[in-house]
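Just below is one structure, and these are the notes that go with it.
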Amino acid sequence: MNNQDDIILRTENLTKRYGGVHALEEANFTLKRGEHVAIVGDNGAGKSTFVRQITGVEQPSSGDIFFEGQRVEFNSPLEAREAGIESVFQDLALCNDLDVPSNLFLGREELLFKFGPFSILDEKKMMQKAKEVLERTAIKIPDLSNHVGDMSGGQRQCVAISRSASFASKLIIMDEPTAALGVQETTQVENIIRGLKEQGVPLILISHNLRQVFNLVDKIWVFRRGRIVGEVIAAETDGNEIVSMITGMQDGVHEKASYI
């Protein structure tokens with residue numbers, strides 16, 4: 001396998017403008033197969049904007065995205081998902097009025113039969129598969145028939161992450177997956193991420209938690225003011241250097257950072 005074959009995701013000069021605001025400017029990024037990377041930067045640095053372009057939530061103003069060696073233009077998150085990219089955003093995208101199996105298989109429902117516009121769900125099969133999915137990701141939810149809206153924030157986050165982790169065939173992206181979780185729930189999520197690494201599933205993690213970043217990823221990409229300002233191997237750097245890049249201190253600029 002040559003170097004190009006080893007790259008699953010690449011962007012060239014990816015740019016996003018909202019009127020006169022340059023939210024993302026000429027981002028050149030690469031992700032190798034099986035690699036776990038973190039995207040870090042302070043609020044407004046362009047991290048989430050970058051991910052929204054990759055996952056089809058928004059379309060770039062200019063620049064190119066290459067996935068599995070092919071130039072792609074995802075017009076929706078569904079198109080990105082169909083290509084093999086799963087994502088967990090901070091809003092979770094769960095349906096509060098549905099139970100756990102229905103959320104896990106949302107858009108991928110198991111059917112007893114389908115006749116034209118009419119179909120009947122195979123709820124028994126979905127429940128069994130949901131139990132298997134949660135077991136694989138070591139997530140414990142007492143009653144899967146409860147509506148997701150009645151669950152704690154941590155349980156809801158774990159359902160969203162488990163859904164993506166179970167169906168991600170080629171790439172998974174997590175945007176601040178543990179930001180609102182307690183210690184035990186955070187540990188669960190981090191164990192899911194480690195499991196994905198063992199399975200060889202590449203991952204992009206956006207996180208403000210530098211301890212978490214250094215514990216989980218191979219490489220760190222630093223964003224500041226809409227630009228990529230650093231790309232470093234996690235094992236070859238430390239928190240001080242990363243914070244220096246985030247705040248601009250390495251360039252003689254000082255900005256207050258909100259990292260821990």
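Throughout, read-outs are computed from the coordinates displayed, never taken from laboratory work. Treat the numbers as computed from the prediction; the structure is a model and nothing was measured. FYI the Cβ positions are ideal-geometry reconstructions off the backbone, even for glycines, and counts take in every protein chain you see.
Details
- Region 1-131 - percent relative contact order, Cα under 8 Å, separation 6 or more: 19
- Computed magnitude of the charge dipole of the chain (debye, nearest 20; Cβ of K, R +1, Cβ of D, E -1): 140
- Loop-located GluC sites (Glu not before Pro) in region 184-240 whose Cβ has at most 13 other Cβ within 10 Å (DSSP): none
- Separation of alpha-carbon centers, region 184-208 and region 87-128, rounded to whole Å: 24
- Net charge, residue 61 excluded, C-beta distance under 14 Å - Lys, Arg +1, Asp, Glu -1: -3
- For the chain, the relative contact order works out to 25 percent when only alpha carbon pairs closer than 8 Å and six or more residues apart are counted.
- Remark: the residue 75-residue 240 segment gains 55.5 nm on full extension, using 0.36 nm per residue and subtracting the alpha carbon distance.
- Volume in Å³ per residue [convex hull over Cα atoms, computed for region 141-209]: 93
- Crossing angle, helix 183-199 versus the chain [Cα axis fit, 0-90 degrees, rounded to tens]: 90
- Degrees separating the helix 153-167 axis from the principal Cα axis of the chain, which is the longest one: 90
- Between residue 171 and 86, the built amide H atoms are under 5 Å apart, and every one of these is 5 or more places off in sequence or on another chain.
- For the pair residue 112 and residue 170, the difference between a 0.36 nm per residue extended length and the Cα-Cα distance amounts to 18.1 nm.
- Distant alpha-carbon pairs in region 13-109 (separation over 16 angstrom), percent: 63
- Rg ratio (alpha-carbon, reference 2.2 N^0.38 Å) - the chain: 1.05
- GNM flexibility winner over the chain from 197, 32, 125 (Cα, springs under 10 Å): 125
- Cross-link partners for residue 32 among the lysines, with Cα-Cα distance under 18 Å and sequence neighbours closer than 8 places in the same chain left out: 170, 197, 219.
- Cα pair count fraction exceeding 19 Å, expressed as % - region 181-251: 39
- Cubic angstrom per residue, convex hull over Cα atoms of region 113-163: 102
- All other residues whose Cβ lies under 13 angstrom from that of residue 37 are scored, Lys and Arg at +1 and Asp and Glu at -1, for a net of +3.
- For residue 124, a cut-off of 23 angstrom between C-alpha atoms picks up these lysines, skipping any fewer than 8 places away in its own chain: 114, 140.
- In Hz, Karplus ³J(HN,Hα) per residue of region 136-148 (6.51, -1.76, 1.60; θ = phi - 60°; x = Gly, Pro): 5, 9, 6, 9, 10, 10, x, 10, 6, 7, 5, 5, 4
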